[in-house]
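Enquirer: Before anything else, here's the structure in question.
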Amino acid sequence: MKIALAQINPTVGDFTGNAATFRRFARDARTRGADLVVFPELSVCGYPPRDLVEVPAFLARSRQVLEELAAEFPDIAIIAGFPSRAAVETGKSVMNSAALLRNGRIDFVQSKRLLPTYDVFDEMRNFAPAPSQQLVTVCGECLALTICEDAWNDKAFWSRRLYGSDPVEELVRAGAEIVLNISASPFNVGKRGLRQAMLASIATQHRVPVVLVNQVGGNDSLVFDGSSLALSPQGDVIAQARSFEEDLILVDTATLTGDMHEQVPELEASAYEALVLGTRDYVRKCGFQKVVVGLSGGIDSALTAVIAVDALGAENVIGVSMPSQYSSEGSITDAWELAANLGICFEVVAIREIFESYRRALSGIFKGLPEDVTEENLQARTRGALLMAVANKFSALVLTTGNKSELGVGYCTLYGDMVGGLAVISDVPKTLVYRIAHYVNSRRPVIPEASITKPPSAELRPGQKDSDSLPPYDVLDRILEEYVGNLKSASEIAELTGFDDEVIRFVIRLIDRSEYKRQQAAPGIRISTKAFGVGRRFPIAARHQI
């Protein structure tokens, strides 16, 4: 049997657009001689649909699309993910399902059994688990049709399993000759290698080919890398789709051969491509064409602007420099040089007079009080208001430029530099920002060297540097990784790193105190295993000491 893996980029709720993509890929697969074309998890409606599956019309439209596709393609078998009504009297009324379209009708439906509720996943909120699973035969071959998490509970691979049952093991024991998995598996750095190793474990343990088709594209904070693949019973990759773009590949289960397309390498390159894809899809799927970026001359805004240009085109990016009396001449010229290198629209709006007018307006209330962070934040908030004005006027979306290190410890201003619709690099630690910037310049030197080499500074007071308020970023980022990513305590971090205990506890206090800021921040693009946002749900009003 020749199986086509249709790695598509659906938009949540865009049934017309998604169906058009289905038709295009199904026609291509049929032309190339495929017997079966397989689409990703919930690809009819897009993943994750969240509470939209509670809307009856949403479910009805999903079913209607499937019936129309089945009628249009009676001469090729199609497997597609969709939300189905659950035939149960209690519990959730919807299931995460896969339909086999064959001979002009919906011939078979299999629902997901293992529903993840960790990190960014909350499927138990929306779906009922399948009580059991059945085998299905296509072109004389017996398939184990599984959906994403159903394949992520192999006891031979995981030291600690999350579920008591293993659907793959049970289906292979029942006679499955091929394990087929349709997925919407989000990207993080290192995920592709983990996914392949896990699938190889299944293949070699059960001595069957394993085929996975994964969604590609960005939906809200999540980026899906695609990277669909097929493995032989020996665990060797016999077919592979591209990363971070739509693709169609064929695999022949008789000869165990297939298309091999090049993937983006780890680490910096894949992180960068994920940020570009996530930005492009967030902006476009939210109905925008243009974006506005505040250009400070620093490394963070420079990287954000480069990502925006690669995502949307230079003609759709507006860079705005907003110097104050504390801005260095180099910051202005670095911003100008970046804009010229990228070919984007560049505007300068000085804020000194606006800032001074704020100070005069508040002089009575603040009489006799020394200047402090209040005045610094006024500058940031002035810039935020100006960026939003430009965005409103040109129907654009503001991209915030703060990195994960700053967001983690609250080194950012609410309603100031946090203003915007998408926080592009909010899951990129400062040390990784530099590494990605070097990667960008290795392809084409667009980021000014001074933006990379000068000491980072918010330039909100004379001679200000980030190091005045924070530990060195290599220290800060390691503490952030261990505390947020690995859930280590202060004493465990000290033992692991050898860092000073007071520095560790200082950073942890900043992280904990800044939860109220993060929960008001724009959504960011997730590229790590533990990003701030929907995958990390901590209380704001809390007093915990770890």
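Laboratory data are not the source of any read-out in this text; all were calculated from the coordinates shown. Keep in mind that what you see is a predicted model, and the values were worked out from it rather than measured. Virtual Cβ from ideal backbone geometry, glycine too; neighbours counted across all protein chains shown.
Enquirer: If you take the Cα atoms of the range 3-75, find Rg, then find the Kirkwood Rh from the mean of 1/r over all pairs, what is Rg/Rh?
Expert: Answer for the range 3-75: 0.98.
Enquirer: For 146, 453, 257, 204, which order do you get if you count the other beta carbons within 10 Å of each Cβ and list the fewest first?
Expert: Ranked by crowding around the Cβ, least crowded first: 453, 257, 204, 146.
Enquirer: Using alpha carbons only, how many degrees (0 to 90, rounded to 10) separate the axis of helix 501-513 from the longest principal axis of the chain?
Expert: 80 degrees
Enquirer: Among 383, 513, what is the fewest-to-most ranking by other Cβ atoms within 10 Å?
Expert: Ascending Cβ contact count within 10 Å gives the list 513, 383.
Enquirer: Which angle between 0 and 90 degrees, to the nearest 10, do you get for helix 299-312 versus the longest principal axis of the chain when only C-alpha atoms count?
Expert: Between helix and principal axis, roughly 40 degrees.
Enquirer: Measure out, as a whole number of angstrom, how far apart the alpha-carbon centroids of the range 486-518 and the range 294-330 sit.
Expert: Cα centroid to Cα centroid, the span is 31 Å.
Enquirer: Something else now. Taking a ≥ b ≥ c as the square roots of the Cα gyration tensor eigenvalues, with a/c under 1.5 meaning rounded and otherwise prolate when a/b beats b/c, else oblate, which class fits the range 72-159?
Expert: Verdict is oblate for the range 72-159.
Enquirer: Treating only the Cβ of Lys, Arg, Asp and Glu as charged (+1, +1, -1, -1), what charge dipole size does the chain show about its Cα centre? Round to the nearest 20 debye.
Expert: Computed charge dipole of the chain: roughly 960 debye.
Enquirer: Where does the range 401-546 land on the Kirkwood hydrodynamic radius, alpha-carbon pairs, in angstrom?
Expert: Mean inverse Cα-Cα distance, inverted, gives 16.1 Å.
Enquirer: Work from the charge dipole of the range 1-98 (Cβ charges, +1 for Lys and Arg, -1 for Asp and Glu, about the Cα centre) and give the residue of 58, 37, 80 farthest towards its positive end.
Expert: 37
Enquirer: Another one. For the chain, what is the percent of antiparallel DSSP beta bridges, rounded to the nearest 5?
Expert: Around 55 percent antiparallel, to the nearest 5.
Enquirer: Step by step: find N for the range 1-138, compute 2.2 N^0.38 Å, then divide the Cα radius of gyration by it. What's the final number?
Expert: Here the answer is 1.02, to two decimals.
Enquirer: In the range 213-313, with Lys and Arg counted as +1 and Asp and Glu as -1 at Cβ, which of these residues, 228, 264, 289, has the Cα nearest the positive end of the dipole, that is, farthest along it?
Expert: 289
Enquirer: Given axes a ≥ b ≥ c from the Cα gyration tensor, I'd like to know whether the range 2-257 is rounded (a/c under 1.5), prolate (a/b larger than b/c) or oblate.
Expert: rounded
Enquirer: Just the projected area, averaged over all directions, of the convex hull on the alpha carbon atoms of the chain: how many nm²?
Expert: 27.4 nm²
Enquirer: Now for a different question. In terms of the Cα gyration tensor, with a ≥ b ≥ c the square roots of its eigenvalues, is the range 195-263 rounded because a/c is under 1.5, prolate because a/b exceeds b/c, or oblate?
Expert: Here the range 195-263 falls in the oblate category.
Enquirer: Please arrange 475, 53 by counting, for each residue, the other beta carbons lying within 10 Å of its beta carbon, fewest first.
Expert: 475, 53
Enquirer: Right, another one. Quick one: dipole size for the range 270-465, taken about the Cα centre, charges +1 on Lys/Arg Cβ and -1 on Asp/Glu Cβ, in debye to the nearest 20.
Expert: 280 debye
Enquirer: Among 498, 464, 450, which residue has its Cα furthest toward the positive end of the charge dipole of the range 427-510, with +1 on Lys/Arg Cβ and -1 on Asp/Glu Cβ?
Expert: 450
Enquirer: Can you give the net charge of the other residues whose Cβ lies under 13 Å from the Cβ of residue 433, counting K and R as +1 and D and E as -1?
Expert: Computed value for this residue: -4.
Enquirer: Another question about this same structure. Between helix 430-443 and the chain, what is the angle of the helix's C-alpha long axis to the longest principal axis, kept within 0 to 90° and rounded to the nearest 10?
Expert: The angle comes out near 70 degrees.
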